[in-house]
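Computed from the coordinates by the stated procedures, all read-outs in this text should not be read as laboratory data. Everything numeric in this text was worked out from a predicted model, so none of it was measured. FYI the Cβ positions are ideal-geometry reconstructions off the backbone, even for glycines, and counts take in every protein chain you see.
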Amino acid sequence: MGPEGLIVFLIVGAIAGWLAGLIVKGYGFGLLGNIVVGIVGAFIAGWLLPKVGIVIGGGVIANIINALIGAIILLLLIRVVKSA
């Protein structure tokens with residue numbers, strides 16, 4: 001992965017983390033935290049979605065949607081763990 005790919009990866013992670021923070025109310029972690037949540041969410045979605053038979057497609061928008069789904073799953077898991 002070159003520098004351009006890394007920048008796109010970080011931007012996708014930031015967008016997905018920010019959107020997930022808006023959807024799952026009360027769990028915004030700031031810019032750096034949102035990037036981390038988005039990146040971890042992308043890994044979660046990349047592993048989980050194909051296992052359940054969901055394939056969104058290719059491109060930047062599909063990557064953002066995949067990362068968003070994973071980030072929402074991650075934030076919901078954090079909410080469950082914090083409330084337990």
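Only helices enter this figure: runs of n ≥ 4 DSSP H residues, each worth -39500 (n - 2.57), summed and divided by the residues of the chain, yield -28000 deg cm²/dmol at 222 nm to the nearest 500.
With axes computed from alpha carbons, what is the tilt in degrees of helix 3-23 against the longest principal axis of the chain, rounded to the nearest 10 within 0 to 90? Its long axis makes an angle of about 30 degrees.
Ranked by the mean number of other Cβ atoms within 10 Å per residue, highest first, peptides 68-78, 35-45 order as 35-45, 68-78.
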